[in-house]
Every structure is written in structure tokens, then in C-alpha cells.
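This report refers to the structure that appears directly beneath it.
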Amino acid sequence: TQRTAYRSAILHSIDDPYEVGLENSFEFFEDGILVVENGHIIDLGPAEAVLARQPDSLHVTEYQHKLITAGFIDTHIHYPQTGMIASYGEQLLDWLENYTFPEELKFKNPVYARQVANIFLNELASNGTTTALVFGTVHRESVDVFFEEAQKRNLRMIAGKVLMDRNAPDYLTDTPESGYQDSKALIEKWHKKDRLLYAVTPRFAPTCTDEQLATVGKLLEEYPDVYMHTHLSENKKEIEWVLALFPDRETYLDVYDHYKLLKERAVFAHGVHLTDCECQRLAESGSAISFCPTSNLFLGSGLFNLPKMEHHGVRVGMGTDVGAGTSFSLLQTMSEGYKVLQLQQQKLHPFKSLYLATLGGARALYLDDKIGNLEPGKEADFVVLDLHATPLMSFRMQQAKTLEEQLFVLMSLGDDRTVSKTFIYGEKAYDAEETTEPAMVT
Ligand code: GUN
Ligand code: FE
């Protein structure tokens, strides 16, 4: 495709601020240009400098009062739970039984699954999320239709079929053998097809027998570069249940460790109540935790201890965990993450939040050679944010003096209204100015 350039204020994360210091963790161009060709970023810098080194014929689109940054990365989300987001009154285990399982049953029907996949992908786009690590349901077709729709949109997505063979309704369980065969077929069909990647997805220890967890380890051995995606240590009753179901294991994480599920590209959602030993094992195995603040607050699961993870050197990304999470917006998720740390007398600096929602997420997923910021060579997934999206944000922005203050206001007040445009692989995939049809499901 043709070389195209975008002129605007540009901000992106280039390293972990807690490792290299705030000043060295980002690049900011007040008047910058981003140049894109064939789905990739080929140049970035101050406008004057980029114009001087690019051909005169370069086509430049200018955005006023906007901020370009990298697309957001959601390291844990369930597409089939889109239709049951904001379900009232329960904590994890009852919430699963009363709301989640009945909704996931509907994904037996691939027509319904495809409709929800499209509503879901539209939400990601309008919220500026360009990559996500996604749960399907137990149904193999739920993942086929998801990948088909993601492929049409040129998205870099990671997804997998849920494995669960016990402690769930009969209509929603597979068997170790069928789960293994279905996962294998999906890996062969989708892993590394265009920008798509596969994650072997045991729901969580309580819904998997020892036999099934062994098949997960086997799949990971046969396909070392696929992902492993599950839940871990989210809720106190869940943890008690795991220890009762697996009396020979010392900790929750030890159940997964026993079956060789810890590795690079293994992502565990939540990790709210982990011991130091568990953190240590996560770090040394190269596994990652997905921090899901809106979900942890909504289900009353607990307060995630980010400094403890940092202390042990565990990789961390941000997750919305929709439908237990209450927003598709990574901006809202950062804001709630800030409050979760406040409740523990800890701080979450806006540059750290930006890092976690972009480059840190890419590192958690071992995709930082491809996505996570706007360095030339990376895939051109980026967002154009509107710092004056609402009257309040606009007024507050004018009072904010420094970049970090503005960034903090952006993530505290921002949501999908703040996302003006989303670009996927160099092409505009969402534009707030083009009206969209409300979602309808037949
Ligand atoms: N643990 C097992 N399944 C789920 C799920 O669907 N959502 C959340 N938040 N936790 C889980
Ligand atoms: Fe989840």
C-alpha cells in the first residue's frame, strides 16, 4: 500500500519507567509525524525532521488537538461474555454458575457466536484496543468464527477454545480427548495464520481434571510457541476449592506447574492472592499475569499487589476481563488500576499505566518485536485520541500543565469517547466521526 503519514502530537512508551526512570520511558513529539507503509511503521519523529528525510510527494494527514499513541493491548478478555457484562450481585463462583455458563451455552450456535464476535470486535476498535488475548467457549466453532472475523479485520489476535471437563454443566463440558483433538485442529488451522495466534485455554484448575491438565502440558510440548491462557488465584473461595480438589499440590500455581503449564507465553489472569513462592515461580518461568482491576472490584475478588509482582520480576499486562470486567476501555481499566493501588497506599504513575497498557502488555505476550509502541519496523496498530472529547475533559486538560498531568487526566476521565480513530495494520478501522449502527442480535 501507499506510504501515508499522520501529523499530530505523538506519545509512546519505549521502556518500563520503573526500570529506566520516568524520563527514559517514553518519547513525546509535540508536533510529530508517523509514517506508515504496507501495514508497518517506517518512520517517526519531530515533523520537521521527518519531512526533511521523506519524499516531497508524501501524503500527510494532520490531526488538530489530538494525541497519537500505540493501540492498547488487552491481555485477558472473554468475547462470549460480551452479552452478560454487568450482571448483578454475585462473586466469582456463583457468578459463573448463574450468569456465565448459561450465556456461554448459546455459543453452540455459530450464527450467534459470529454476531457476538462482531459486536465484540467493534467494541475493541471503538475503545482503541488493537490486540487482545481472548477466551472462546468450550465449542470449537466459537473459536473458528472468532478467528474468521478477526482475520477479515487484519487483527493481531490471540484466542483459544476453553477446556473444561468437570464442575460445569454437562452441556458445557468436553473430555480430555475431545478437548485435545479440537485444540490441535484449531492450532493447525489458525496459529500464525496472518496475524492470528493460538492459546491453549484451560478455563481454570477447578473445571479441569488431572487428565485434562496433562493434555494441556502435552499440547504445549508439541507446539512450544503457542500460548497458554488461564485464570489463577482470583478469589479466596476459589483458592480453597483448588487446594481441596488437588490435595497433593502445595499452592494453586503448583497445580499448573505440575502439568508443565508455566512457560514463556503463559498468561494467568488475576493473581490477586499469590504467595511469594508463586510469584517467584511465575517470574523464573517467564509467565505473565494479567492485572484486571475492573473485574477484581466488580466481583469483589480483592486488590492486586502490583509492587509485589515488580519486586519478584513478574511480567504484567493489563486486562479488562469483560464480562466480569465492566469496561472494554483500557483507559478506564488504568483508572481503576490506579484506585486499586491507592486502596493499598501505593501509586500507579501515568507513564507506568501507559506502559502496562501498551509495551508492557506486548512484553507479557512476547510480541514486543511486533507491537506495543510506534518504533519503526513495528506493525502499524495505533490510536488517535481526542483530548477534548468532552467539555469536562477539554476544560480539565487546559488546566493540566505537564505531559504527565495531561496523561493522568486522559486516563482518569477517558473512555471510548476519547478514541477518535483506531488504525489496524496501517488502515483506519474505526472513526468516531462516522456514525455506527447500534448492535442488533437476531
Ligand atoms: N474463572 C474461571 N472462569 C472465569 C471467568 O469466566 N471469568 C473470571 N473472571 N474468572 C473465571
Ligand atoms: Fe477471565
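Quick notes
- Residue check: His388 meets all listed conditions (1) at negative phi; (2) within 18 Å of the chain's Cα centre (by Cα) but one, namely (2).
- Scanning the range 265-307 for residues that are under 21 Å from the mean Cα position of the chain (by Cα), over 26 Å from Val200 (Cβ atoms) and more than 16 Å from ligand 1 (Cβ to nearest atom) yields Asn305, Leu306, Pro307.
- Across the range 341-348, not a single residue is classified as farther than 18 Å from Ala283 by Cβ and in contact with a strand residue (DSSP E or B) (Cβ under 9 Å, 6 or more places away or on another chain).
- Leu219 vs. criteria assigned to a helix (DSSP H, G or I), free of Cβ contacts under 8 Å to residues at least 60 places away in the same chain and away from ligand 1 (no atom under 16 Å from the Cβ): yes
- Here Thr320 qualifies as within 18 Å of the chain's Cα centre (by Cα) and within 12 Å of ligand 1 (Cβ to nearest atom).
- Filtering Leu96, Leu58 for residues that are over 27 Å from Glu379 (Cβ atoms) and at pLDDT 95 or above leaves a single hit, Leu96.
- In the range 135-168, residue farthest from the chain's Cα centre (by Cα) [restricted to those that are touching a residue at least 60 places away in the same chain (Cβ under 8 Å) and not in a loop (DSSP other than H, G, I, E, B)]: Ser142
- Considering Thr326, Thr320, the condition of being surrounded by fewer than 24 Cβ atoms within 10 Å (Cβ to Cβ), under 30 Å from Arg417 (Cα atoms), touching a residue at least 60 places away in the same chain (Cβ under 8 Å) and not charged (D, E, K, R) is satisfied by Thr326 alone.
- Looking only at the range 64-78, and only at residues there that are within 29 Å of Gly136 (Cα to Cα) and hydrophobic (A, V, I, L, M, F, W, C), the one that is farthest from ligand 2 (Cβ to nearest atom): Ala70
- Residue match in the range 309-325 (condition: closer than 27 Å to Asn154 by Cβ, among the acidic types (Asp, Glu) and not in a loop (DSSP other than H, G, I, E, B)): no
- Scanning the range 63-94 for residues that are closer than 30 Å to Pro169 by Cβ and touching a strand residue (DSSP E or B) at 6+ places or on another chain (Cβ under 6 Å) yields a total of 6.
- Candidate set: the range 337-353, residues that are among the charged types (D, E, K, R) and either surrounded by fewer than 22 Cβ atoms within 10 Å (Cβ to Cβ) or part of a loop (DSSP other than H, G, I, E, B) (or both); chosen: the one farthest from ligand 1 (Cβ to nearest atom): Lys347
Rundown of residues vs (1) crowded, with 17+ Cβ neighbours inside 10 Å; (2) within 16 Å of ligand 1 (Cβ to nearest atom), yes/no style:
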residue: Pro55; (1), (2): no, no
residue: Thr61; (1), (2): no, no
residue: Thr75; (1), (2): yes, yes
residue: Met84; (1), (2): yes, yes
residue: Trp95; (1), (2): yes, yes
residue: Leu105; (1), (2): no, yes
residue: Leu124; (1), (2): yes, no
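- Of the residues making up the range 204-222, those that are out of contact with any Pro (no Cβ under 7 Å at 6 or more places or on another chain) and buried (at least 24 other Cβ atoms within 10 Å of the Cβ) are Phe204, Ala205.
- First in the range 43-68 and charged (D, E, K, R), second anywhere and assigned to a helix (DSSP H, G or I), Cβ under 7 Å, 6 or more apart: Asp43/Val50
- Any hit, the range 307-316, residues being surrounded by 19 or more Cβ atoms within 10 Å (Cβ to Cβ) and either within 17 Å of Trp95 (Cα to Cα) or within 16 Å of ligand 2 (Cβ to nearest atom) (or both): yes
- Among the conditions (1) within 16 Å of ligand 1 (Cβ to nearest atom); (2) in the same structural domain as Leu274 (by TED's automatic domain parsing), Thr333 misses just one, which is (2).
- Just one of the listed residues (Ser295, Ser301) is within 16 Å of ligand 2 (Cβ to nearest atom), outside any helix (DSSP H, G or I) and polar (S, T, N, Q), and it is Ser301.
- Any hit, the range 360-367, residues being outside any loop (DSSP other than H, G, I, E, B), within 16 Å of ligand 2 (Cβ to nearest atom) and either in contact with a Phe, Trp or Tyr (Cβ under 8 Å, 6 or more places away or on another chain) or assigned by TED's automatic domain parsing to the domain that holds Gly83 (or both): yes
- Residue check for Leu387: in contact with a helix residue (DSSP H, G or I) (Cβ under 9 Å, 6 or more places away or on another chain) and crowded, with 18+ Cβ neighbours inside 10 Å: yes
The values are calculated or read from the model by the stated rules, or taken from the named source; none is laboratory data. None of these values were measured; they are calculated from a predicted model. Reconstructed Cβ throughout: ideal geometry from the backbone, glycine too, with neighbour counts over all protein chains shown.
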